[in-house]
1. Using label points projected 7 Å from each Cα along Cα→Cβ, tell me how many nm separate ASN12 and THR57, to one decimal.
2. Among 92-101, 66-75, how do they line up from the highest to the lowest mean number of other beta-carbon atoms within 10 Å?
3. Assign one of three labels to the range 1-46, namely rounded, prolate or oblate, based on the Cα gyration tensor with a ≥ b ≥ c the square roots of its eigenvalues; rounded applies when a/c is under 1.5, prolate when it is not and a/b is larger than b/c, and oblate otherwise.
4. Which entry in [x] 13, 43, 36, 8, 0; [y] 13, 42, 28, 13, 3; [z] 14, 27, 24, 14, 13, 7, 2, 0 matches P(r) over Cα pairs in 10 Å bins from 0, in percent derived from the coordinates of this structure?
5. Could you pull out the pairs from LYS43/LYS80; LYS5/LYS51; LYS39/LYS77; LYS51/LYS86; LYS10/LYS104 whose alpha carbons sit more than 18 Å apart here?
6. Could you provide, to the nearest whole Å², the per residue accessible area of the chain with probe 1.4 Å?
Amino acid sequence: MSDYKLQLVKGNNNLLSFSVKLADATAGQEITLSIPELKLEKKYKTDGEGKIADEFTWNNLSLWSPETPKLYAVNIKTDKENINDKIGFRTIRVDGDSILLNGKSVF
């Protein structure tokens, strides 16, 4: 796997964006994304460039913050690789002089 990304879509607390690029650019390779704690499992097939891209809604995510640094165990699996990672989901934006983490002002 040459690159992967799983993150919240900007401005949305329950829309996830997932993308993968395999080093081997072959179509039809199966990729499985799973987050066991959320009972989430999604299967994909790569395109002709060895890529997949998807956006999907998942409700009831616990957002990461310094007070509650929630990380989810994530597994991305192909027939050749099995990657385990821990990912925290959060939103961050600037509003005037304020930095907002998950919609709340932080210092």
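The values are calculated or read from the model by the stated rules, or taken from the named source; none is laboratory data. None of these values were measured; they are calculated from a predicted model. Heads up, the Cβs are rebuilt from the backbone with ideal geometry, glycines too, and the neighbour counts pull from every protein chain shown. SASA here: full protein model, heavy atoms, side chains in, ligands and nucleic acids out. Shrake-Rupley method; radii C 1.70, N 1.55, O 1.52, S 1.80 Å.
1. 0.9 nm
2. The densest-packed peptide leads the list: 66-75, 92-101.
3. Details: a/c = 2.64, a/b = 1.55, b/c = 1.70.
Cα axes put the range 1-46 in the oblate bin.
4. The listed entry that was calculated here is [y].
5. Details: LYS43/LYS80 15 Å; LYS5/LYS51 12 Å; LYS39/LYS77 16 Å; LYS51/LYS86 22 Å; LYS10/LYS104 15 Å.
Long pairs (Cα-Cα over 18 Å): LYS51/LYS86.
6. On the way: 6900 Å² over 107 residues.
Value for the chain: 64 Å² per residue.
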